[in-house]
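Encoded as structure tokens, the structure appears first; notes follow it.
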Amino acid sequence: MNLDDGEIINLGPVEGRVLGCLLEKERTTPDNYPLTLNSVRLACNQASSRDPVVTYDEATVADALASLRQKQLIRIVHSPSNRAAKYRHVVDEVLELGREELAVLCLLLLRGPQTLGELRTRSERLAEFSSLTEVQAVLDRLAGRQPPLVRMLDRQPGQKEARVAQLLAEEVGGGASAEGGESQSTDSPSAAPVSATGVDRVSALESDLDALRGEVSELRRAVEELCSSLGVSPP
């Protein structure tokens, strides 16, 4: 399915966070992608690389996944070896976007408005930008679509640079969280939400641990391939 030119996608804040997580995990933890419902929830609530940090419960995330599926932005993947349904995005097909465009949208969905420099620095695991000019070129393509997917915000007092915002979903923050508390936006990627409980923090740490496990798995596979090419046994 391809989106007709001029057709608008209006996503809520939870849908935007969920979609951003699927875009991120596809690149950063490919061995664990597609994601189960619980993995999506943990990814949404993780404390790192999120602004603001949220505390969505399973029902909230499930509703967002169902809505995204209805809008044909995600699909369910069934596996004979795994009873749990898994979810993957199809944004690249629907919006006809390349890896660089998806990387920028992913960061804006997960961390809110950002400068060109922040987008370049934070996109390292998602796509490779050798210069700010390349980031700007991607933003120009996204802004030039009908309807546009990003826009440049006016520079606010005290800010050295203008920031870019995505137009695919409502921004997370400023309203009530999924558990009735207030989400807190912060420049610190590891800050906990105001409403976070001990359980919420454990869930966030579990999500970070899942991401680390994915990276270790990738490194282990790379070491095994290297040892195989050298004709030696892996350590």
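The numbers here are math on the coordinates, done by the rules we state, and not lab data. The model shown is predicted, which means the values in this text are computed figures rather than measured ones. All Cβ positions, glycine included, derive from the backbone under ideal geometry; neighbour counts span all protein chains shown.
Per-residue answers, yes or no, for (1) in contact (Cβ under 8 Å) with a residue 40 or more places away in the chain; (2) among the charged types (D, E, K, R); (3) touching a Cys at 6+ places or on another chain (Cβ under 6 Å); (4) outside any strand (DSSP E or B):
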| site | (1), (2), (3), (4) |
| --- | --- |
| I76 | no, no, no, no |
| R83 | no, yes, no, no |
| E101 | yes, yes, no, yes |
| L109 | yes, no, no, yes |
| E128 | no, yes, no, yes |
| L142 | yes, no, no, yes |
| P148 | no, no, no, yes |
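Among the conditions (1) of a type in the set (S, T, Y); (2) free of Cβ contacts under 8 Å to residues at least 60 places away in the same chain; (3) surrounded by fewer than 18 Cβ atoms within 10 Å (Cβ to Cβ), S48 misses just one, which is (2). Scanning segment 150-172 for residues that are in contact (Cβ under 8 Å) with a residue 24 or more places away in the chain, under 30 Å from T60 (Cβ atoms) and part of a loop (DSSP other than H, G, I, E, B) yields a total of 6.
For E124, the test of being under 22 Å from G16 (Cα atoms) and assigned to a helix (DSSP H, G or I) is failed. Residue by residue through segment 12-21, note down the ones that are touching a helix residue (DSSP H, G or I) at 6+ places or on another chain (Cβ under 7 Å) and either of a type in the set (A, V, I, L, M, F, W, C) or assigned to a loop (DSSP other than H, G, I, E, B) (or both). V14, V18, L19, C21 - these are the residues of segment 12-21 that are touching a helix residue (DSSP H, G or I) at 6+ places or on another chain (Cβ under 7 Å) and either of a type in the set (A, V, I, L, M, F, W, C) or assigned to a loop (DSSP other than H, G, I, E, B) (or both). Considering segment 62-74, the residues that are touching a residue at least 60 places away in the same chain (Cβ under 8 Å) and under 25 Å from P113 (Cβ atoms) include one that is surrounded by the most Cβ atoms within 10 Å (Cβ to Cβ), namely L73. Checked against the criteria, A64 does not count as part of a helix (DSSP H, G or I), out of contact with any Asp or Glu (no Cβ under 9 Å at 6 or more places or on another chain), more than 18 Å from H78 (Cβ to Cβ) and not β-branched (V, I, T).
In this structure, E93 qualifies as surrounded by 14 or more Cβ atoms within 10 Å (Cβ to Cβ) and not small (G, A, S).
The numbered conditions (1) surrounded by 15 or more Cβ atoms within 10 Å (Cβ to Cβ); (2) in contact (Cβ under 8 Å) with a residue 40 or more places away in the chain; (3) closer than 22 Å to L149 by Cβ; (4) not aliphatic (A, V, I, L, M) are all true for Y33 except (3).
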